[in-house]
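The values are calculated or read from the model by the stated rules, or taken from the named source; none is laboratory data. As the structure is a prediction and not an experimental result, all values here were calculated from the model. In this analysis, Cβ positions are derived from the backbone assuming ideal geometry, glycine residues included, and neighbour counts consider all displayed protein chains. Please note that ligands, DNA and RNA were not included when accessible areas were found on the heavy atoms of the full protein model with its side chains. Shrake-Rupley method; radii C 1.70, N 1.55, O 1.52, S 1.80 Å.
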Amino acid sequence: MYFFFDDYSEGAHLQILEAFSRTNFQQERGYGMDSFTQEAERLIKEKIKKPKAAVHFVSSGTHANLVCISSLLKSYESVVAVDSGHANIHEAGAVEATGHKINVVPAVAGKMTPQAILEIVTTHTDEHMVKPKAVYISQSTEVGTVYLKSELQKLHEVCQQNELYLFIDGARIGHAVMSKNADFDLFDIANYCDLFSIGGTKNGALIGEAIVIVNPGLQENFRYHLRQRGALLAKARAVTVQFVELFKGNLYFENAKYANDMAQKLAVGIQECGYQFLSEPVVNQIFPIFPNGVIEKLQKNHGFYVWSKSSTPDHSVVRLVTSWATQDVAIEAFLADLKKFS
């Protein structure tokens with residue numbers, strides 16, 4: 001059985017494993033004061049063309065979301081997120097556990113809209129309610145869609161006009177940048193938010209995410225937030241050795257493009273069998289709609305999640321995720337079974 005559950009079922013890219021082996025006995029200082037962390041910071045600042053940005057490293061996407069969002073808010077302030085947002089439904093109430101409310105708004109194709117932000121701002125008017133102060137979005141989204149440059153720009157403008165911080169969850173930001181519809185790069189991402197994360201876990205690393213703080217007003221004392229939330233790693237090198245390998249060349253983007261290409265190959269085969277998708281396949285997460293009987297048969301040989309019900313009672317939406325390590329044979333086997341069961 002081959003897993004299409006997620007993009008972190010494999011270990012790490014061989015180049016990263018070789019880097020661990022090569023540097024294993026090199027002694028370094030702890031808590032992010034090591035040479036690997038400094039080099040990873042330099043490389044990321046170079047990629048985003050923001051020499052004055054602050055870069056920090058944590059173990060997971062949930063850790064990044066928790067620390068970033070909680071650091072932005074006073075006790076009476078809230079964050080706006082779409083109903084399908086990872087921080088809203090897949091993190092066991094991590095944000096709420098810090099004492100902050102999430103103002104949930106309906107997603108449009110998985111995305112936040114300026115209108116939704118304004119609706120929250122205009123209906124929260126006094127001290128009897130929470131005060132919206134931040135907006136959370138994912139790039140790419142939880143349903144495999146991607147914010148275009150103009151959409152990011154409009155969200156950023158609305159946030160600035162209403163004194164809101166914009167935080168971009170970039171657990172799959174590499175896949176977004178390398179998507180077939182992308183009209184932006186990491187430089188554009190950095191220009192249209194206050195802070196964002198760069199995911200390593202889902203793009204060839206064993207663990208780890210980078211937090212990039214663009215807004216100078218949010219940079220001071222951020223390490224206190226990391227320490228308080230258990231995110232200041234004694235062995236930061238365990239994460240940053242990986243980010244050096246990912247960003248010293250183009251490995252980060254090559255991994256993401258490969259995963260996207262495998263998803264496109266899968267999507268084309270599914271379309272040739274006559275099936276539709278919840279959203280246009282543009283990144284490494286695709287969401288085809290299959291008859292329930294076909295799903296049941298496919299799950300005997302292939303691992304994937306049934307994502308949601310379809311508008312047709314006897315159909316469901318499934319999620320198929322490819323990775324930097326997905327093999328052609330797995331794609332071919334899935335499509336062969338799909339044709340047979342269809």
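Label positions at E46 and S342, each projected 7 Å from the Cα along the C-beta direction, are separated by 4.6 nm.
Mean-square fluctuations from a GNM of the chain, with a 10 angstrom spring cutoff on Cα atoms, peak among Q27, Q139, Q264 at Q27.
Can you give me the accessible area per residue for the chain, using a 1.4 Å probe, in Å²? Each step should come with its number before you reach the end.
Working: 15110 Å² over 342 residues.
So the chain comes to 44 Å² accessible per residue, rounded to a whole number.
Keeping the other protein chains in place, figure out the carbon and sulfur percent of the accessible area of segment 185-279, with a 1.4 Å probe. Write down the numbers at each step before the final one.
Working: 1880 of 3730 Å².
Summing carbon and sulfur atoms, their accessible area is 50 percent of the total for segment 185-279.
Mind jotting down a quarter of the surface of the convex hull over the alpha carbons of segment 235-342, in square nanometres, one decimal? Display every interim value, and only then the final one.
Details: hull surface 32.5 nm².
That works out to 8.1 nm², a quarter of the Cα hull's surface.
Pairs of Cα atoms nearer than 8 Å and 6+ residues apart set the relative contact order; for the chain it is 24 percent. Compactness ratio for segment 108-167: Cα radius of gyration over 2.2 N^0.38 Å (N = residue count) comes to 1.16. Among D83, D337, D7, the order of accessible area from largest down is D83, D337, D7, computed with a 1.4 Å probe on protein heavy atoms. Are there any GluC sites (Glu not before Pro) in segment 198-305 that are in a DSSP loop and have at most 10 other Cβ atoms within 10 Å? List them by number. Passing sites in segment 198-305 are E220. Percent of Cα-Cα pairs more than 21 Å apart in segment 56-174, please. Tail fraction, whole percent: 32.
Might you report the magnitude of the Cβ-based charge dipole of segment 127-179 about its Cα centre, with Lys and Arg at +1 and Asp and Glu at -1, to the nearest 20 debye? Present the calculation step by step, with values, prior to reporting the outcome.
Working: 5 positive and 6 negative charges, 21 e Å.
Dipole about the Cα centre, nearest 20: 100 debye.
Dividing the C-alpha radius of gyration of segment 288-342 by 2.2 N^0.38 Å, with N its residue count, gives 1.14.
Dividing the alpha-carbon Rg of segment 20-109 by 2.2 N^0.38 Å yields what? Could the numbers behind the result be given before it?
Values: Rg = 17.3 Å, N = 90, 2.2 N^0.38 = 12.2 Å.
Segment 20-109 yields a ratio of 1.42.
So which chymotrypsin sites (Phe, Trp or Tyr not before Pro) in segment 72-147 end up in coil per DSSP with only 15 or fewer other C-beta atoms within 10 Å? Don't skip to the answer; put the middle values down first.
Working: sites: Y76, Y136, Y147; in loops: Y76, Y147.
For chymotrypsin sites (Phe, Trp or Tyr not before Pro) across segment 72-147 that sit outside H, G, I, E and B with at most 15 neighbouring Cβ atoms in 10 Å, the list reads Y76.
For segment 97-158, the fraction of 1.4 Å probe accessible surface lying on carbon and sulfur atoms is 56 percent. The Rg/Rh ratio for the chain, using Cα coordinates for both the radius of gyration and the Kirkwood hydrodynamic radius, is 0.98. With the simple spin-label model, which puts each label point 7 Å out from Cα in the Cβ direction, the D183 to K309 separation comes to 3.8 nm. Given a 1.4 Å probe and the protein chains as shown, M1 ends up with an accessible area of around 140 Å².
Rounded to the nearest 500, what is the 222 nm mean residue ellipticity of the chain from helices alone, with -39500 (n - 2.57) per DSSP H run of 4+ residues and division by all residues? Numbers along the way, then the final one.
Details: 14 runs with 139 residues, N = 342.
Using -39500 (n - 2.57) per qualifying helix, the result is -12000 deg cm²/dmol.
Lysine pair count for segment 56-196 (Cα-Cα distance under 29 Å; residues 8 or more apart in sequence or on different chains): 21.
The accessible surface of segment 2-43, taken with every protein chain in place and a 1.4 Å probe, is 54 percent carbon and sulfur.
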